[in-house]
2 protein chains.
Amino acid sequence: KVDPKDEDLLNLNFRHNVNGEDLVIAVAQDYETSEVLMVAFMNKEAIIKTLETGKAHYWSTSRGKPWFKGESSGHIQEVKEIFTDCDKDAVLLKVKQTGAACHEGYYSCFFREISHDNSNDVNIKEYKLKIVKDKVFEPEKVYGEK
Amino acid sequence: KVDPKDEDLLNLNFRHNVNGEDLVIAVAQDYETSEVLMVAFMNKEAIIKTLETGKAHYWSTSRGKPWFKGESSGHIQEVKEIFTDCDKDAVLLKVKQTGAACHEGYYSCFFREISHDNSNDVNIKEYKLKIVKDKVFEPEKVYGEK
């Protein structure tokens, strides 16, 4: 079993403290298309669970508890590779996404573009958030009505 | 298709407070290869500067000040597209990277893989951080000797 005190791997820098939890930023990317799917956080336990199970586990900062991605929706992420960055305070997961990453029904959470219609006017007020992707599922059918 | 409640660009959720600064997470990705280059933070000013100039500006949490990426190294990021996620607390920048994104000389900051040699043993202690990319420049030549 796992010794969480083992620092060899966990030389990661969990420097992002959110409500008392020490976290690294985690970016999930489709392992085939390289589309960025989502950004979340992981604590040490989430890293260990992810490595042990091969499925992405995060720390939910909104709920303040461990989050096994896809536990309720079935939209799990099979982790193919994990990288960390120069500061070791972020990880990049290359995953095989079942269903869709976003709870709003989009394959990627990054379905809104910050864009403007008038290419001659880069006034900040011209920029809007626009939905530029299509849903792959209806959230009510997966999570039930709110 | 603009969602009326999304019309205000600065409706972004700068919910990540680091040393008193309200920030969104920013992921920079190569606009051609989709390689993830780095993860950083942006405050409202950095978003505006980025949109106004077309070059990536961040907030340096280590230095506690605005950070025009590439200002000292010349390794700027020309921003082709910007997306935000479902929670609007993260942005994804698709960029044309000059030189390399990482100050350690690698094209991407994610040059270390969390991997293990023995595919039959997924014991957590078998995992190591391994450098799996090649440098594209020598940091001393760009930033000078430390």
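All of the numbers you see were taken from the coordinates with simple rules; none came from a lab. Bear in mind the structure is a predicted one, so any value in this text is a computation, not a measurement. As a convention, Cβ positions derive from the backbone with ideal geometry for all residues, glycine included, and neighbour counts pool all protein chains shown.
Computed values, structure above
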quantity: Enumeration of residues in the range A:48-66 that are touching a Phe, Trp or Tyr at 6+ places or on another chain (Cβ under 9 Å) and within 25 Å of B:Lys125 (Cβ to Cβ); calculated: A:Lys49, A:Thr50, A:Leu51, A:Thr53, A:Lys55, A:Ala56, A:His57, A:Tyr58, A:Trp59, A:Pro66
quantity: Residue check for A:Asn19: closer than 21 Å to B:Ala26 by Cα, crowded, with 18+ Cβ neighbours inside 10 Å and more than 7 Å from chain B (Cβ to nearest Cβ); calculated: no
quantity: Residues within the range A:54-104 that are at positive phi and not small (Gly, Ala, Ser), tallied; calculated: 1
quantity: Entirely in the range B:40-146, the strands (runs of 3 or more DSSP E) that have 1 or more residues that are more than 14 Å from the chain's Cα centre (by Cα), among the charged types (D, E, K, R) and buried (at least 18 other Cβ atoms within 10 Å of the Cβ); calculated: B:112-115
quantity: Matching entry among B:Phe41, B:Phe111 (being more than 9 Å from chain A (Cβ to nearest Cβ), among the hydrophobic types (A, V, I, L, M, F, W, C) and within 22 Å of A:Arg15 (Cα to Cα)); calculated: B:Phe41
quantity: Close pairs from the range A:76-90: first more than 8 Å from every other protein chain (Cβ to nearest Cβ), partner of a type in the set (Ser, Thr, Tyr), Cβ under 7 Å, at least 6 apart; calculated: A:Ile76/A:Thr98; A:Val79/A:Thr50; A:Lys80/A:Tyr31
quantity: Where B:Thr33 falls short, out of the listed (1) assigned to a loop (DSSP other than H, G, I, E, B); (2) facing chain A (nearest Cβ under 8 Å); (3) in contact (Cβ under 8 Å) with a residue 12 or more places away in the chain; calculated: (3)
quantity: Test: residue in the range B:76-91 that is closer than 22 Å to A:Phe83 by Cα and of a type in the set (A, V, I, L, M); calculated: yes
